[in-house]
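Here's the structure, in structure tokens; my notes come after.
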Amino acid sequence: MSWADFGSGALRAALPVAIWGCGAAIYAASKRDGRALASARWSALLALVLVVLAVLAMEGALVSHDFTIQYVAENNARATPLFFTVISLWAALAGSILLWTLVLAGATAYVAWRGTRELPRLGTTALAVLLGMVSFFLLLVTTPAADPFVRIDPPLDGNGPNPLLQNHPLMALHPPLLYLGYVLFSVPFAYAIASLVLGEGGDRWLVATRRFALVSWGLLGVGIVAGSWWSYAVLGWGGYWAWDPVENAAIMPWLVATAYLHSVMVEEKRRLLRSWNLSLVIATFALTILGTFLTRSGVVNSVHSFTQSAIGPLLLGYLVVILVLSVGLLLWRLPMLSDRGGVGAPLSREAIFLFQNVVFVAATLTVLLGTLYPIIAEAISGQQLSIGRPYFDRVEVPLALALLFLMGIGPQLPWHGAPRATLERQFTVPIVAAAGGALVAVLAGINGAFAVLTYALAAFVAATVVQEFARGMRARQVLHGEGRATALANLLRRSGRRYGGYIVHLGIVVIAVAVATSQAGTVQLEKTISTGQSAQVGPYTVTLTALRDATEPQRDLLVADLSVTGNGANEQLHPALVFYPNSTQAVGSPGIAAGARDDIYTILAAYDSRAHAWATIRVLVIPLVSWLWLGGLVVGIGAVIAALPQPKRRTVAERVAPLAVGTSAK
Amino acid sequence: MAGAERSTQPRLSSRRLLLIFALLAGVLVAFLAVQNLSSNAVYYLTPTEARDRKIAPGTPIRLGGLVVPGTLKYDPQSRTLVFGISDGTTNVAVLGTGAPPALLQENAGAVVEGQFGEDGIFRASSVIAKHDEKYAPPSPGRTPTHGTP
């Protein structure tokens, strides 16, 4: 039996299993039938196993270069290194949808076996929703639109992955992170829908899926940063964010999810914003589908246009069905979702969170407007146009600064409102820090009012976080007699949600400073120089020492050997043009010397093809850009700390006894 | 910091205050968005469309077409890039500064952003090679061709 038979057989078998499971879960939820629930559970597990088998079949086909499968022939070649062969699973549309199906089936199986035990009725209803989604994706991968196992007359050798996708190992990390983030948000959505279907007024759905939402959000965030890092390291334009529709597709659900993670706290603590939270979950989920539609249907003209396919109408249909059903459900249940009481004073935590939510939604809507406007304009007038990058920069930068400001205020205010004394206690140090931040920016020669403002706000937020940590640790030191390190560890372990959140805020601060500095302070030069000559860029001297050809098994390169000296640097950089045999295009591969202070980014733009005597090189000195990736890592670490299960709260008697070891976590 | 005074006010009025804040913010953002949207909409035209619409010199547009064979020239010392793009009917001469993107080739797609000069020559501020979506089937024994012309 061939890999194709095996894989497509597994997917075709999984489809009826998932549909059966969906029906069984609906029956189990409505009749409270234990046998039907067991059937739904086993169906979810069986569907997962079958999808895993299909993925393994695809990997088997890729690794064994089975070119009878169209996907393998188009995305793999005999000379493709094993690493890039394995990750070719997500190099193109059909494989990506297969990966999506795998993650969704995994999350569904988890809900089937864990979620339905914790909250039987709600979990079972959510399971039905999830199995419905699994069925849809299995339908996709078994129709020609996205069937990964379509067979063709085998060519002698395959095309190999898209050159852009086999140039950097980050490709192994960035797409799966985004997919995990996208797909795991299906679980909070399914619970929200289940809660609406069952007419539960409470916030059980929200508490049950808090961790899923957080993990999904964290993965999406880290995936976005990894994606911009990939763009920076591979695409060779010296930037990391271009407001490309594909990037917008990833950031929009992340923005709404961020709003949701905060407004959830308002619902938990103040029993407010119920319908608002449901709307945010629905919007986040719909945006993940919209993003997939935008990027996978080729409806938007973009550098990522290699993912065009006939899948568009199916995804659009799915999106419309989801929107109509969930918004309809929400409107139907609206009367029972009314809040008790209202938001307190304007200077209360809930008010700031609400305001922050408004800004996040505004940011999302404006990105959405800029992304969809060309499509709508073309649909109406037939006229193709694009929205330039300045639109996004001018609209989103002020909103981002507003969010940075609110990030410094919100966590510092108590619920219900703050008396004047509290305000003074909370904000004296941060305001001084903000002034210091602005001063540092001006002294460091940072250009631009927005950049200086970013420094001030970043210092403001960082000071609030440090202040919170210092107070928390001091409290533990006094109450429990703990040392500093123990106090910090316990703070993170016992109040991980809160202090993990602060760490996320610190990561965002680092990202904000890195973005502001790199955008405002980049120095660049493009110059044609002969071998042996030098060019001066900022404090650095770049010398072209040689131009040479290089050959690797799967590709040929033309490499410019550059030596960079000055300002304490002594680096050898090798920007190159890369030629893949099955592609008529040359791909630029930048040479980057990353550093804490700045990155030296070099691009081989053109060269003398006859005598290798000269080359046009582009050199960018980009300050602090490495801190952007580091900030992403800090955000990820904070999210992990916030998502880790916290030890159960101990009784007062236990808390009084200063025990080093707490009760074991569940 | 007037928080202490505000928190003692009746709830309804602080709610109303919040609402007004939110509305103001919404109006501000909407204004910002709409204004920037219209000023940053860059039309994407073929050379023939640009000719028929008599696009005024200085209006930022994007032109898409194929690089006319035999026209792509890059002078490394002055870093002047010259080529013609065509949609089959109309040819437009494009003048750019800087090395051509690695993917720019004759008879292949290109998108240029910029504006027409009074002389009818298009001054490109950015040149993008439009890479094909699907790769042509591999021809056996083919070796990659090097270099920019």
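The values are calculated or read from the model by the stated rules, or taken from the named source; none is laboratory data. Everything numeric in this text was worked out from a predicted model, so none of it was measured. Quick reminder, even Gly has a Cβ in these numbers, built from the backbone with ideal geometry, and neighbours come from all protein chains shown. The protein model used for the area step is the full one, side chains on, heavy atoms only, and it has no ligands, DNA or RNA in it. Shrake-Rupley method; radii C 1.70, N 1.55, O 1.52, S 1.80 Å.
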Practice item. Answer yes or no: is there a residue in the stretch A:261-268 that is assigned to a helix (DSSP H, G or I), charged (D, E, K, R) and out of contact with any Gly (no Cβ under 9 Å at 6 or more places or on another chain). Key: yes
Revision key, fill the gap. Filtering the stretch A:531-580 for residues that are surrounded by fewer than 18 Cβ atoms within 10 Å (Cβ to Cβ) and in contact with a helix residue (DSSP H, G or I) (Cβ under 6 Å, 6 or more places away or on another chain) leaves a count of 0
Check your understanding: Among the numbered criteria (1) surrounded by 20 or more Cβ atoms within 10 Å (Cβ to Cβ); (2) within 12 Å of another protein chain (Cβ to nearest Cβ); (3) among the small types (Gly, Ala, Ser), which single criterion is violated by A:ALA516?
Key -> (2)
Point to revise | Unique match (being open to solvent by 30 Å² or more (accessible area, probe 1.4 Å) and in contact with a Pro (Cβ under 9 Å, 6 or more places away or on another chain)) among A:TRP205, A:TRP113, A:TRP90 | key: A:TRP90
Review point. Any idea which of (1) modelled with pLDDT of 85 or more; (2) more than 22 Å from the chain's Cα centre (by Cα) is the one B:LYS134 doesn't satisfy?
Key: (1)
Check your understanding: Counting only residues that are surrounded by fewer than 23 Cβ atoms within 10 Å (Cβ to Cβ), touching a residue at least 60 places away in the same chain (Cβ under 8 Å) and at the interface with another protein chain (Cβ under 9 Å from one of its Cβ atoms), how many does the stretch A:608-641 have?
Key -> 2
Review point. Here are A:THR371, A:THR366: which of them is more than 8 Å from chain B (Cβ to nearest Cβ) and either aromatic (Phe, Trp, Tyr) or touching a residue at least 12 places away in the same chain (Cβ under 8 Å) (or both)?
Key: A:THR371
Practice item. Give the stretch B:44-59 a look and list any residue that's farther than 17 Å from B:SER86 by Cα and either hydrophobic (A, V, I, L, M, F, W, C) or within 8 Å of another protein chain (Cβ to nearest Cβ) (or both), or say none. Key: B:ALA56
Practice item. Check A:GLU350, A:GLU378 and return the single one that is within 11 Å of chain B (Cβ to nearest Cβ) and without any contact (Cβ under 8 Å) to a residue 40 or more places away in the chain. Key: A:GLU378
Point to revise | Count - residues of the stretch A:544-595 that are without any contact (Cβ under 8 Å) to a residue 24 or more places away in the chain, of a type in the set (Asp, Glu) and either more than 11 Å from chain B (Cβ to nearest Cβ) or not in a strand (DSSP E or B) (or both) | key: 2
Practice item. Take the stretch A:406-425 and flag every residue that is surrounded by fewer than 21 Cβ atoms within 10 Å (Cβ to Cβ) and outside any helix (DSSP H, G or I). Key: A:PRO414, A:TRP415, A:HIS416, A:PRO419
Point to revise | Residues of the stretch A:170-188 satisfying the condition of being surrounded by 22 or more Cβ atoms within 10 Å (Cβ to Cβ) and more than 18 Å from A:THR295 (Cα to Cα) | key: A:LEU184, A:PHE185, A:SER186, A:VAL187, A:PRO188
Review point. Got a sec? Which strands (runs of 3 or more DSSP E) wholly within the stretch B:37-98 have at least 2 residues that are under 24 Å from A:GLY388 (Cα atoms), out of contact with any Asp or Glu (no Cβ under 7 Å at 6 or more places or on another chain) and open to solvent by less than 40 Å² (accessible area, probe 1.4 Å)?
Key: B:41-45, B:61-67, B:80-86, B:91-97
Review point. Which residue pairs have Cβ atoms under 9 Å apart, sit 6 or more places apart or on different chains, and have a first residue in the stretch A:90-109 that is under 20 Å from A:TYR191 (Cα atoms) and a second that is at pLDDT below 95 and among the polar types (S, T, N, Q)?
Key: A:TRP100/A:THR292
Check your understanding: Quick one: how many residues across the stretch A:488-505 are more than 14 Å from A:VAL466 (Cα to Cα) and either touching a strand residue (DSSP E or B) at 6+ places or on another chain (Cβ under 9 Å) or assigned to a helix (DSSP H, G or I) (or both)?
Key -> 6
Practice item. Please indicate, with yes or no, whether at least one residue in the stretch A:389-405 is open to solvent by 20 Å² or more (accessible area, probe 1.4 Å), within 12 Å of another protein chain (Cβ to nearest Cβ), of a type outside the set (Phe, Trp, Tyr) and over 23 Å from B:PHE31 (Cβ atoms). Key: no
Point to revise | Every residue from the stretch A:426-469 that is assigned to a helix (DSSP H, G or I), away from chain B (no Cβ under 14 Å) and of a type in the set (Val, Ile, Thr) | key: A:VAL429, A:VAL432, A:VAL440, A:VAL442, A:VAL452, A:THR454, A:VAL461, A:THR464, A:VAL465, A:VAL466
Review point. So which residues in the stretch A:121-169 are part of a helix (DSSP H, G or I), open to solvent by 40 Å² or more (accessible area, probe 1.4 Å) and at pLDDT below 90, if there are any at all?
Key: A:PRO169
